[in-house]
């Protein structure tokens with residue numbers, strides 16, 4: 001393995017991407033957009049998006065929304081806030097977008113999750129409840145989905 005200029009640049013880019021990811025983890029409830037994240041990392045928005053997706057498997061925007069939904073799940077499990085309050089508390093500015101993304105990631109609307117989570121997580125320590133109820137992509141949004149690759153023919 002050589003340690004040439006290309007490898008050094010790749011390591012610098014990975015360090016910048018980690019800082020972007022850490023910033024998203026810290027500031028998920030703040031207004032974040034790819035352009036401001038890219039400026040902070042001294043990258044173009046396009047390069048940041050491509051590099052982030054290559055490194056972490058999802059775009060910066062998708063990662064921000066996943067973080068927000070994870071936090072929303074925790075707030076909804078507590079049960080003392082309504083869906084609209086949770087939406088704005090996690091940094092979403094549109095209840096419709098929040099509900100749509102929540103449903104895509106969790107598999108049910110936030111109001112249904114709120115009712116079900118209070119029963120499911122009852123009696124579990126919060127650290128276990130967080131792990132058990134972590135969102136996973138149930139289905140991908142059709143607008144972002146690539147066409148499936150054709151199956152190879154054995155004939």
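The values are calculated or read from the model by the stated rules, or taken from the named source; none is laboratory data. Fair warning: this is a prediction, and the values are worked out from it, not measured in the lab. So basically every Cβ, Gly included, is an ideal-geometry build from the backbone, and we count neighbours across all protein chains shown.
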## Note on the structure
In the set 26, 71, 16, 10, the lone residue that is at pLDDT below 90 and either over 18 Å from the mean Cα position of the chain (by Cα) or in a helix (DSSP H, G or I) (or both) is 10
### Query
Can you name the condition, by its number, that residue 80 falls short on among (1) touching a helix residue (DSSP H, G or I) at 6+ places or on another chain (Cβ under 9 Å); (2) within 24 Å of residue 128 (Cα to Cα); (3) at pLDDT below 95?
(1)
### Task
Within region 86-102, count every residue that is outside any loop (DSSP other than H, G, I, E, B) and touching a helix residue (DSSP H, G or I) at 6+ places or on another chain (Cβ under 8 Å).
8
### Query
So which of 37, 75 is without any contact (Cβ under 8 Å) to a residue 60 or more places away in the chain, farther than 13 Å from residue 21 by Cβ and surrounded by 14 or more Cβ atoms within 10 Å (Cβ to Cβ)?
75
### Task
Give the residue that is farthest from the chain's Cα centre (by Cα), with candidates limited to residues of region 43-68 that are closer than 13 Å to residue 105 by Cβ and free of Cβ contacts under 8 Å to residues at least 12 places away in the same chain.
58
#### Entry: Enumeration of residues in region 1-34 that are under 19 Å from residue 91 (Cβ atoms) and surrounded by 14 or more Cβ atoms within 10 Å (Cβ to Cβ)
20, 21, 23, 24, 27, 28, 29, 32, 34
